[in-house]
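The structure under discussion appears below in the form of C-alpha cells.
The values are calculated or read from the model by the stated rules, or taken from the named source; none is laboratory data. Just so you know, these numbers come straight off a predicted model, no measurement behind them. Note that each Cβ is placed from the backbone with ideal geometry, even for glycine, and that neighbours are counted across all protein chains shown. Note: areas computed on protein heavy atoms with side chains; ligands, DNA, RNA excluded. Shrake-Rupley method; radii C 1.70, N 1.55, O 1.52, S 1.80 Å.
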Amino acid sequence: MSKKLISLLILVVLATGLLPAVGVAAPPLQEEGEVYTVQKDDWLSKLADKQYGDVLAYPAIVYYNNLKAAEDSTFAVIENADLIEVGWTIYLPTAEEATAYLGGEVGMAAGEPGSLRVTFSWPTFIDPAVGSDFSSSTSLANIYDTLIFPNKDAGVDPWLAESWDVSDDGLTYTFNLRRGVSFHDGSELLASDVAYSFNRLQTIGEGYAYLISGVESVTAVDDYTVEFKLERPSGLFVPSLVRLYILNEDLVRQNTAAEGPYDEEGDYGKEWLLTHDAGSGPYRVVEFPLEEYLLMEKFNNWWNAATFNPNAPGQARFIATTETATVRALMDDRELEITDQWQTVEALEALDAMEGIDITAFSTMTSFYYMMNTRKPPLDDIHCRRAISWAFDYDQAVALEWPGTQQMVGPAPHTVGGHNPNVLVYERDLDKANEELAQCQYAADIQDYPVEVVWIAEVPAEEKWALLFQANMADIGVPVEVVSQPWLSVVENTSAQDTSSHIVTIYVSTDLPEAGLMIQQRYHSSTANTWQQNEWLLDPELDAEIEDALATVDQGARFAKYATLQEEIVALAPSLFLYDQLEKHAVQSYVDWKPEENSSVMGYQIYAPRIGVTAP
C-alpha cells in the first residue's frame, strides 16, 4: 500500500525567538486590534484574508500576536504558523499594523540591520556540489533551501516539499512542491530546478554527492511535482535530501562557461558559483573575497520569512580566521558575535572572563579521531595498531578538553541513531599494549619505523593531544614525529595513499543523524581518497556490509546491522576513537542563540534566521 506523507507546513519557530528583544523598538499595540478566539476550521492565512484581504499577510498576525503574548500570558504563543488550536486567544492586528509590518516599517525589516559575525576555519565553498566541511555546510544551509529540513529530534520536517508519496516497492518517491517560492533573483522555484540541482550534484560527484548515490533518475513531472526513482530501496533516502540544495537552473546556466569538463554542460557554473549564489534561502551572498570572508544579507522575500527571529541579523559575515589573538581582539572590540569552534580551552577560559561574553557548549554529531593509515608500515600490522590503541591515555586526553567531554564509545558519536554502546572501549593498559606490540612483525625494528602524526595548523589545540600521543608511545618504544600542516595541505595529502601520513588528527561530523552514515563516511572505500578517511581500509566485504545496512528500510533491522559493523571496525583498530566533541563557542551577551534547539546535523547550528542580534 502506498504510504502518503501529507504534512502541514512546518515553521520551526521558538517561542522566545518571536518575542521582542531588548534594544529593539517594538511598536505599541493598537487598542482597536481584535482579541480573537480560534474557531474550528480556522487557519492563519484564512484569518489574514478575512481581516486584510491578503492570505499572505499571516506573518503580521504571528509577529503582533507574539508581541502581545510577551505582555499578557492569556494570549497563546504561535510557534508554528500552520498549527493553531481551537480555543486559543490570539491577537489580530489592525490593518495599519499589518501594512506596516509587511512594508518593512516594523519587525524584522525595520531599523538598522544587526550584524552576525562568526569566525571559521577556511576555505569555504558555497557551491552546493562542492562544499561539505563545517564552514561550507553552514554557509549552504543559510543560502539555499532543501526539500526537507532537519529538526532537533534527529528527524526531518517538510520544507520546499509540502508532502510526498512513496510507492509500494519503495523505489519511487513523488514530492509535491510548495508554490510561490522565490529565488534570490525573484524567479519562482520549480520542479525543473530540483531535477537540475540533483543531476548537477550527481555529475560533478563532489561534496555531498556520495549521499545521493543509488538514485536512478529525477524527473520534473510538472512545475510543482518531482519524481525520484531509486535503484534500490533505502532507509536514508529522505533524510539525505537535507544535502540536496536547490539551485536556480536558469541563473546558473546564464553563468556557465561553455568550456569545461562536463561536456554540453561546460563548467556547470562552477567558476561563477565559487563566489556567487543561486539560492532561495534566508540569506543571499553580497560579496565573497575567497580568502577573507563571506558576506550575506537577509532575504526578506524568503518564503519562510515569518520564522525569522525579530532580531535576525540584516547581515551575516563569516570570517576566515581562527587565530587566537585576532579572535580575542575582535570579541573585545565587539566586532565579532560568535567565535569559531576551534579555540583552545585556555582561549575560551580567557574569553569567558571578559565582561559580556559567555561560553556556549553543546553536544554534536562530531567526533575526534586519530586516523591510522592501515597501508603504511608499521600501521599495516593490526597488532601494532592495537598496541597503540592500548598505550594511549584517553582519560588524560579527555581532561584536556572542555568539562563534560566524553570518550568515544566505538566509531560513531553517541548522539546518533543506531549507536552501539556495548563495543570494546580501549583504555590505557601498557601490559596489553606490549603484548600486542610483541606480535607485530615490526617489533624488533620498531625504532626504524617512526610514526608521523599530523595535526591541523589552524586548530592549535590539537598540538596538545599530539604531544600526549608522542609521550604515551614512548612508553612502549614506538617513535613518533609530530608535524603540523595547514588544512588545505591535509585535504590534498589525504587524497592519495602515497601522500597520506601515518596518522592524521581530524574531527569528523556525520552528515546525517545515524551511525551508518558516519561508518560510511569514515570507512567505506568510496571516501578513501578524501579527508574523511586516512585509514585506507579498502575492504570490499566491509563495503558490502555497509551498503546492505544502509539499504535496509526497516529501522530496527538497520540499527542491528549498524551495531555489528561497529564491533567489526573496533576489532580492526583502524583509528583511535578519542572523544565525542562538545562544540564550544564564545558568544556576546547581546546575541540570542540557542544551538541546542536546532538540528545537530553539521551546518545547521549557526542558522542565522533563528539567531537574534541586538545593538552591542
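General remarks:
- Filtering segment 434-466 to residues that are more than 18 Å from residue 322 (Cα to Cα) and touching an Asp or Glu at 6+ places or on another chain (Cβ under 8 Å) leaves 440, 441, 442, 450, 451, 452, 453.
- Condition broken by residue 416, with the remaining ones in (1) aliphatic (A, V, I, L, M); (2) more than 24 Å from residue 483 (Cα to Cα); (3) modelled with pLDDT of 95 or more satisfied: (3)
- Flag for residue 373 being crowded, with 16+ Cβ neighbours inside 10 Å, among the polar types (S, T, N, Q) and farther than 29 Å from residue 492 by Cα: no
- Subset of segment 525-540 (residues that are of a type outside the set (Asp, Glu) and assigned to a loop (DSSP other than H, G, I, E, B)): 528, 529, 530, 531, 532, 533, 534, 536, 537, 538
- Close contacts from segment 28-42, counting a first residue that is within 17 Å of residue 66 (Cα to Cα) and at pLDDT below 90 and a second that is open to solvent by 100 Å² or more (accessible area, probe 1.4 Å) and of a type in the set (Asp, Glu), with Cβ to Cβ under 8 Å and a gap of 6+ residues or different chains, come to 29/71; 30/96.
- Verdict on residue 478 being buried (at least 17 other Cβ atoms within 10 Å of the Cβ) and either in contact (Cβ under 8 Å) with a residue 40 or more places away in the chain or not aromatic (Phe, Trp, Tyr) (or both): yes
- Qualifying position, being touching a Phe, Trp or Tyr at 6+ places or on another chain (Cβ under 8 Å), open to solvent by less than 60 Å² (accessible area, probe 1.4 Å) and at pLDDT 95 or above, among 387, 433: 433
- Leading residue by the ranking (most open to solvent (accessible area, probe 1.4 Å)) among those in segment 484-522 that are more than 14 Å from residue 373 (Cβ to Cβ) and in a strand (DSSP E or B): 484
- Test for residue 22: is it closer than 18 Å to residue 310 by Cα, at pLDDT below 80, of a type in the set (Val, Ile, Thr) and open to solvent by 80 Å² or more (accessible area, probe 1.4 Å): yes
- Neighbours by Cβ (under 7 Å, 6+ apart or cross-chain): first from segment 346-366, among the charged types (D, E, K, R); second in a helix (DSSP H, G or I) and surrounded by fewer than 18 Cβ atoms within 10 Å (Cβ to Cβ): 358/352
- In segment 321-337, the residues that are in a loop (DSSP other than H, G, I, E, B) and surrounded by fewer than 22 Cβ atoms within 10 Å (Cβ to Cβ): 321, 323, 333, 334, 335
- The strands (runs of 3 or more DSSP E) found entirely in segment 112-183 that carry 1 or more residues being within 27 Å of residue 553 (Cα to Cα), modelled with pLDDT under 90 and of a type in the set (A, V, I, L, M, F, W, C) are 156-158.
- Qualifying residue in segment 338-349 (condition: acidic (Asp, Glu), open to solvent by less than 30 Å² (accessible area, probe 1.4 Å), assigned to a loop (DSSP other than H, G, I, E, B) and in contact with a Leu (Cβ under 8 Å, 6 or more places away or on another chain)): no
- Complete set of residues in segment 558-616 that are in a strand (DSSP E or B), open to solvent by 20 Å² or more (accessible area, probe 1.4 Å) and over 30 Å from residue 306 (Cβ atoms): 582
Matching residues to (1) within 26 Å of the chain's Cα centre (by Cα); (2) surrounded by 15 or more Cβ atoms within 10 Å (Cβ to Cβ):
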| residue | (1), (2) |
| --- | --- |
| 225 | no, yes |
| 254 | no, no |
| 268 | yes, yes |
| 276 | yes, yes |
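- Unmet requirement for residue 64, which otherwise passes all of (1) open to solvent by less than 60 Å² (accessible area, probe 1.4 Å); (2) at pLDDT below 85; (3) not polar (S, T, N, Q): (2)
- Unique match (being touching a Phe, Trp or Tyr at 6+ places or on another chain (Cβ under 6 Å) and farther than 21 Å from residue 184 by Cα) among 262, 268, 245: 262
- Residue match in segment 457-474 (condition: basic (Lys, Arg) and over 31 Å from the mean Cα position of the chain (by Cα)): no
- Selection status of residue 550, touching a Leu at 6+ places or on another chain (Cβ under 8 Å) and either crowded, with 18+ Cβ neighbours inside 10 Å or assigned to a helix (DSSP H, G or I) (or both): yes
- Residue satisfying condition, being within 30 Å of residue 45 (Cβ to Cβ) and of a type in the set (A, V, I, L, M, F, W, C), within set 318, 288, 308: 308
- If you check 238, 194 for being free of Cβ contacts under 8 Å to residues at least 60 places away in the same chain, part of a helix (DSSP H, G or I) and open to solvent by less than 30 Å² (accessible area, probe 1.4 Å), only one passes: 194.
- Segment 292-320: number of residues that are open to solvent by less than 30 Å² (accessible area, probe 1.4 Å) and not in a strand (DSSP E or B): 13
- All conditions but one from (1) acidic (Asp, Glu); (2) touching a helix residue (DSSP H, G or I) at 6+ places or on another chain (Cβ under 6 Å); (3) surrounded by fewer than 21 Cβ atoms within 10 Å (Cβ to Cβ) apply to residue 452; the one that does not is (2).
- Among the conditions (1) without any contact (Cβ under 8 Å) to a residue 60 or more places away in the chain; (2) open to solvent by less than 10 Å² (accessible area, probe 1.4 Å); (3) in a helix (DSSP H, G or I), the only one that residue 202 does not satisfy is (2).
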